[in-house]
Amino acid sequence: LRVWRVMLLAVCSRRPLLDAHLIRLSVRGLFSESGVWERDYKAETRRRVEQWWHGRIQEQWQRDAADQSSRKKFYVLSMFPYPSGRLHMGHVRVYTISDTISHFQRMRGHQVLNPMGWDAFGLPAENAAIERGLDPEDWTKSNIESMRKQLDSLGLCFNWDRVSESLHSTDGGLDLNFGVLYFPDEAIFNRHPADVRVLSKMLTANVVDVSSISIVFVSSCFLFRNSVLQPLLDALADLPEWYGVKSMQANWIGDCSGCFFNHIMKVDGRDSGEVLAAYTGSPEAVFGAAYVSVLPSHRLLHGSSALKTALLRALRPGRDSLTEVTALNVFTGREVPVVISSKKEFDGHLDTVMGIPDSSEEEAELAQSLGLSWISVLKTEQDGTQTLINSDEFTGQSRAEAFNSVTQKARERNAGGYLTSAKLRDWLISRQRYWGTPIPIVHCSACGPVPVPVEELPVTLPKVSSLSGKGASPLKTAQDWLRCQCPRCKGPAERETDTMDTFVDSSWYYFRYTDPQNPLRPFEHSRADHWMPVDVYIGGKEHAVMHLYYARFLSHFCRDQGMVSHREPFRKLLVQGLIKGQTFRVAETGQYLTKEDIDFSGPEPIQRDSGSRLQVTWEKMSKSKQNGLDPQEVLQQYGLDTMRLYLLYAAPPEQDILWDVKTDAIPGVLRWQARLWGLITKLRAAREGPETPNPSVLNKRERSEARKIWENKNYAITQVTGHFTEDFLFNAAISRLMGLTNTLSQASSRVVLHSVEFEEALASLCVMAAPMCPHLASELWAGLSQVRNPLGSVLLGKGSVLQQPWPSVDPEYLQTPDTLQLSVRAAIPESTDGNKMTNGKCWL
């Protein structure tokens, strides 16, 4: 239409058609737009290609997503971002990887789920809102809107219809049979005097000046997790795709070789109302306990416990102190004294242990020094094995047998017995902040803590008049929200005013994506089972321990509660490295400099003003380190596909990328894109000539050349498919496609014109490049699929390149050949007199 419009204008103005033709050449668009193929892939061509295909690819993704319900599922999930308002290059890398995998799996015929949400709650958003005098919700939603636009500008294809409001607004709630996990207790927090707030140990790490931090004990909320630690450890064996992360998870959990037993605490023979769990590494010898020992830092000595006075009265700092407090073991029914240990710490993170003299010389010496008696429970047989005595129904069992039977019976009696590690405590989820998920618990003076009924969930976060970041939880000021009715006795009660640690939200969001608009429950069992487990989970290596541990913990719990069928949430894990920028610091002061402040003219960079020498290194990109990089600037300079290819090609996903555009990665991917474009130009030019393509006219040498193209194509399909499905080495996949590009670039003109092998190899090359550079590949396919006189059927497929099926290896390529052609070099050795041997023998 544009061409005809120009010609019509020329005729109407009585100007020569030659001028109209020149005008047409100067204003023509892309092949997809004008039907005219440009010979070279220049920067302006790249800009118009990406502009043309950007919205069309995203729209096609959404249309295709609605019509794939009958296909086999594939769930690819990337860790969602904190909505700070600006994306950084680390975000771009992880979402480029997930987008690439999503396109690939859809081309393989899968129903793909690639959702996106926001890690919106938490301290950073609340502090940022306080600094600006804004409501945290308004601040967060504004940032979400901005980051959504940035993600769209990168051409990323997410299932935006899967975004759940409960993942990024004040509607957060958790209907996971919360009462089964929840229990109240006092916890150690650090008090910051500047704003009179308390901080968890994780948040304290973000405080610059920790010199004035003091320790306080605060009534808190915990999630009981000892019941799933051993299953979490055992299940790692079923995760072969987690590579080094499995050992990190195992080390974090620790060796689950002991357990806790519950004890009712007494003073002067009277029940104090306290129940204390004490750890032992020898549960089979539990009937031989002589005492329960607590650390001097234990909450019972510092909090609001009824035992505090009695314990402090007995405390002798630096000595093992026998107290008048006793502990009644719920499992054995035997009562033992409580001892305050002289130690500052026990193994791991324990603060309460059982003293069993038969299983430990140290514990026997302590019991003797305090004049304590105990019952011997282990008998050594003649063969050296030990059996139990004085242990009720377990008497006569070997230690190994008793270990299993005692712990099992303790679990059945709800007295403890869950195999656990000395390294991990129960999960403290309380945060004395406003911007977080409300904890669905109400406190009643008559009934104690009571879970909010399922039908009243989710508990929504109320508006508060102002936030200061100081003092107690801001939710205490929301009186209308705070006061409620006890679900159990219907008397007056108050809601829990702490909010959840954001690790709780991110530990189950993958479930919510499977059923994001469900108003009645977190997710429907059948929908979660359809999509779970996540087939590939992608994120930073800094989350390889804590976040993954919490996510696995919640998934195991949901399986035990009958909410889902799968125990493990993630099948494959893809942990990507950082993107690092070069930093320049003044050696004497440690000050980070911008490049404008540096003199690069000499052999080594120096500070421009002072001439001071600089420390040059590579660090994680950060504004404070003056080495940050705005993705939009990279996008403007190089374009979408070049940025995608660079991030995929510069290093394997698990390795760090040292961002330096002067290296071969950026020039390399720019050259490759131009060469791909040149191959389409080459084929189109050959097929638009006067000669009709005819494979039968190829001579023996040309047929051999075509055969090698065919072999190289099949080899590339095998290798690239393997990289996409097994090791995710996208850099190796691109290298293999570059190799196929070299082969096709060297093809003779007659092979280009007459061989179906060249045509099909070029088509496969475009299709395999499409997940990584979708905009360029879409335009390449538009030009290739409309080439004149196609020889094969591969170019007759309907739709864009991303709607084509992933190429498969030709069956003939997989067959074992009947004959094998070898090149043999023969040499006839000389005899001792220097003459050639003529007896017909030779050496190969």
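The values are calculated or read from the model by the stated rules, or taken from the named source; none is laboratory data. Bear in mind the structure is a predicted one, so any value in this text is a computation, not a measurement. Quick reminder, even Gly has a Cβ in these numbers, built from the backbone with ideal geometry, and neighbours come from all protein chains shown. Surface accessibility is based on the protein's heavy atoms, side chains included, excluding ligands, DNA and RNA. Shrake-Rupley method; radii C 1.70, N 1.55, O 1.52, S 1.80 Å.
What is region 508-597 by shape, rounded, prolate or oblate, if you read a ≥ b ≥ c off the alpha carbon gyration tensor as root eigenvalues and call it rounded for a/c under 1.5, prolate for a/b larger than b/c, and oblate otherwise?
Because a/c hits 1.5 or more and a/b exceeds b/c, region 508-597 counts as prolate.
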With point charges of +1 on the Cβ of Lys and Arg and -1 on the Cβ of Asp and Glu, referenced to the Cα centre of region 665-814, which listed residue (Leu802, Ala763, Gln746) lies farthest in the positive direction of the dipole?
Gln746
In Å², rounded to a whole number, the accessible area per residue of region 665-814 with probe 1.4 Å is 39
Say the dipole of the chain comes from +1 at the beta carbon of Lys and Arg and -1 at that of Asp and Glu; which of Gly318, Ala43, Tyr75 then lies farthest toward its positive end?
Ala43
Compute the long axis of helix 665-687 from its Cα atoms, compare it with the longest principal axis of the Cα atoms of the chain, and write down the angle in degrees, 0 to 90, nearest 10.
40
Label Ser612 and Asp529 with points 7 Å out from Cα along Cα→Cβ: what is the distance between them in nm?
6.6
Please arrange Glu691, Glu455, Glu705, Glu381 by accessible surface area, largest first, computed with a 1.4 Å probe and ligands excluded.
Glu455, Glu691, Glu381, Glu705
In terms of Cα to Cα distance under 20 Å, which lysines are near enough to Lys266, apart from those fewer than 8 places away along the same chain?
Lys308
Tell me which residues come under 5 Å, amide H to amide H, from Trp427 once H is placed; ignore anything under 5 positions away on its chain.
Leu223, Arg225
Under the Karplus relation 6.51 cos²θ - 1.76 cosθ + 1.60, θ = phi - 60°, what is the ordered set of whole-Hz ³J(HN,Hα) values for region 544-550, x standing for Gly and Pro?
6, 10, 5, 4, 5, 5, 5
Determine the shape class of region 737-791: with a ≥ b ≥ c the square roots of the Cα gyration tensor eigenvalues, call it rounded for a/c under 1.5, and otherwise prolate if a/b is greater than b/c, oblate otherwise.
oblate
To the nearest 10 square angstrom, what accessible area does His754 show with a 1.4 Å probe?
0
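Can you pull the percent of region 630-713's accessible area that's carbon plus sulfur, 1.4 Å probe, other chains left in place?
50
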Filtered GluC sites (Glu not before Pro), region 725-792: DSSP coil and at most 11 other beta carbons within 10 Å:
none
Which whole-Hz couplings ³J(HN,Hα) result when phi for each residue of region 696-706 is put into the Karplus expression 6.51 cos²θ - 1.76 cosθ + 1.60, θ = phi - 60°, listed in order with x for Gly and Pro?
6, 8, 6, 7, 4, 5, 6, 5, 5, 5, 5
If amide H atoms are modeled at 1.01 Å from N in the peptide plane, then the residues at a separation of 5 or more from Thr497, or on another chain, having amide H under 5 Å from its own are none
Enter the accessible area per residue of region 255-423 (Å², integer; probe 1.4 Å; all protein chains in place).
47
Eligible lysines near Lys42 by straight Cα distance, threshold 20 Å, same-chain separation 8 or greater
Lys662, Lys682
Heavy atoms only, 1.4 Å probe, whole protein assembly: order Tyr243, Tyr592 by accessible area, highest first.
Tyr243, Tyr592
Once you put a point 7 Å from the Cα of Thr309 and another 7 Å from the Cα of Val275, both along the Cβ direction, what distance in nm separates them?
2.6
Pairs of Cα atoms under 8 Å, at least six residues apart: use those to get the relative contact order of the chain, whole percent.
13
Extension gain (nm, one decimal) between Glu588 and Ser146, 0.36 nm per residue minus Cα-Cα
155.1 nm
Residues of type lysines that Lys620 reaches as a straight line, Cα spacing below 17 Å, ignoring anything fewer than 8 places off in the same chain:
Lys541, Lys580, Lys595
Under the Karplus relation with 6.51, -1.76 and 1.60 and θ = phi - 60°, whole-Hz ³J(HN,Hα) for region 715-728, x at Gly and Pro, equal 5, 5, 4, 4, 5, 5, 4, x, 5, 6, 10, 10, 10, 6
Surface accessible to a 1.4 Å probe, Lys141 within the full protein complex, Å²:
80
Please arrange Leu520, Leu378 by accessible surface area, largest first, computed with a 1.4 Å probe and ligands excluded.
Leu520, Leu378
The set of residues whose placed amide H lies less than 5 Å from the amide H of Tyr418, leaving out same-chain residues fewer than 5 positions away, is Phe260
Carbon/sulfur fraction of accessible area - region 255-423, other protein chains in place, 1.4 Å, %
45
Leaving ligands, DNA and RNA out of it, work out the accessible area of Thr617 with a 1.4 Å probe and give it in Å² to the nearest 10.
60
Give, as a single signed number, the net charge of other residues whose beta carbon lies under 10 Å from the beta carbon of Trp139, with Lys and Arg counted +1 and Asp and Glu -1.
-3
Say a paramagnetic label sat at a point 7 Å from the Cα of Val809, along Cα to Cβ; which residues of region 685-727 have their backbone N under 19 Å from it?
707-727
With the Cα gyration tensor of region 589-704 giving a ≥ b ≥ c as the square roots of its eigenvalues, does the rule (a/c under 1.5 for rounded; else a/b larger than b/c for prolate; else oblate) give rounded, prolate or oblate?
prolate
Roll a 1.4 angstrom probe over the protein heavy atoms and tell me the percent of accessible area of region 579-620 that is carbon or sulfur.
43
Angle in degrees between helix 756-769 and the longest Cα principal axis of the chain, rounded to the nearest 10:
30
Got the relative contact order for region 310-379 handy, in percent, Cα pairs under 8 Å and 6 or more residues apart?
20
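What accessible area per residue, rounded to a whole number of Å², is obtained for region 579-620 using a probe radius of 1.4 Å? Walk me through the numbers on the way to the answer.
Details: 2720 Å² over 42 residues.
On a per-residue basis, 65 Å².
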